[in-house]
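Laboratory data are not the source of any read-out in this text; all were calculated from the coordinates shown. Owing to the predicted nature of the structure, the values given are computational and were not obtained by experimental measurement. As a convention, Cβ positions derive from the backbone with ideal geometry for all residues, glycine included, and neighbour counts pool all protein chains shown.
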Amino acid sequence: MLKTRKTMVIIATVILMSFTCSCQNNNSDSSSETKREKLKFDNAIMDTDSVDVCYSLKLTRKEWTKDSLTDCYTEAFTEFSGQVISKDDLIYDYLGESEDSGKIDDSFYMLYSDTENVSSRYQHFSCYYKSEFNYAGKQISLVGSQEYFSENTDKRIYDKAESCINMVEDRFTGFLSPETYDMFPYRYRTGDKGCFFQYGVKYKDIPFDTSVYVSMDEDNPGTYLSASFAEILIDNENNIRSFTSYNNWDVSETEKYEEILSFDEACEIVEENISEDVVFNVTRADLVYKLIEANDENTFTLYWTAEPCWKFTIDASGIAAFPRIAFLVNAVTGEFESYQLS
């Protein structure tokens, strides 16, 4: 079992310190000797189980030859649509003016096709593959907000989601890398003619962060995209109408950790960084790999790094400017960050 350790860190005051009147007030007596709780987990989804080991990771775009990518693409197109597409109908886009001899390298941007009924594309820069039917009148109207899968989820929906996982892993092996990752049901939305499922991806029992988030730090207002999931739109007859995979990476382990901050220590760090007058109702708490986009200064090659972090998601913050937020605590260094979620 992965050990946890106490790390002394100095943490700067963050922007949330100023949001004292916008959040739910804690009405406990300020003279009470009991420590005020600022994070409530009464209805939270908890994915905080111990794991044996975790890592710092480097994720790079999968290495393809033009022939291997073409074969994988046409096979996936046929599995999705039941149609055979000619390789002569495929379009290869490159970032430069020439094809650079047709190589799949940093000059390569996208492979795509657009038939009468099906649109399909693989975008090398962002490591994703997407196919969707273009049938008019076949749209699935989705209702309500997305729900997280939890122990309270209707078993029929959960079983259907797991069935979809098995289906796409069999059909789209080249764009899902099931030998490297484990997929699991993450969120869903129901509709009149089918369901929309979103799947998280785990690397050795720890999921990659699946959020799109914006820094709440005025000095660092960057937007970070953590696309590490598959999305599937399926109709009531279990036909896949749209499929997207974002986890087509090669992974290398750059550092191994057998000791990390405990969940309780992460909670303490969060509470040190938020106002004394607020209470946040946590929607879910997870140990995740936070993805950070990087660029090799020597080769100008895009890649990603991943660090283990404790993540606290609040879907109803009570802050008008930031209705959905997340607190992240680096599980190795104790560094604290706060983000607005999209």
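Counting other Cβ atoms within 10 Å as a rough exposure proxy, the listed residues ILE325, ILE91 run ILE91, ILE325 from fewest neighbours to most. Karplus-derived 3J(HN,Hα) values for the stretch 308-322, using 6.51 cos²θ - 1.76 cosθ + 1.60 with θ = phi - 60°, are x, 9, 7, 10, 10, 9, 10, 8, 9, 6, x, 9, 4, 6, 9 Hz; glycine and proline are entered as x.
Placing +1 on the Cβ of every Lys and Arg and -1 on the Cβ of every Asp and Glu, with nothing else charged, gives the stretch 63-126 a dipole about its Cα centre of roughly 120 debye. Note on ILE274, ILE269: ascending count of other Cβ atoms within 10 Å places them as ILE269, ILE274, the fewest first.
Grab the beta carbon distance between GLU253 and SER119, set R0 = 56 Å, and tell me the FRET efficiency rounded to 0.05. The formula returns an efficiency of 0.95 here. Ranked by how many other Cβ atoms sit within 10 Å of their own Cβ, fewest first, the residues TYR181, TYR257 fall in the order TYR257, TYR181. Look at where the Cα atoms of the stretch 159-215 and of the stretch 298-342 average out, and the two centres are 20 Å apart. Among 163-176, 327-340, sorting by the average number of other beta carbon atoms lying within 10 angstrom of each residue, highest first, gives 327-340, 163-176.
Give LYS130/LYS160; LYS160/LYS311; LYS66/LYS256 a once-over and call out the pairs whose C-alpha atoms are over 23 Å from each other.
LYS160/LYS311; LYS66/LYS256
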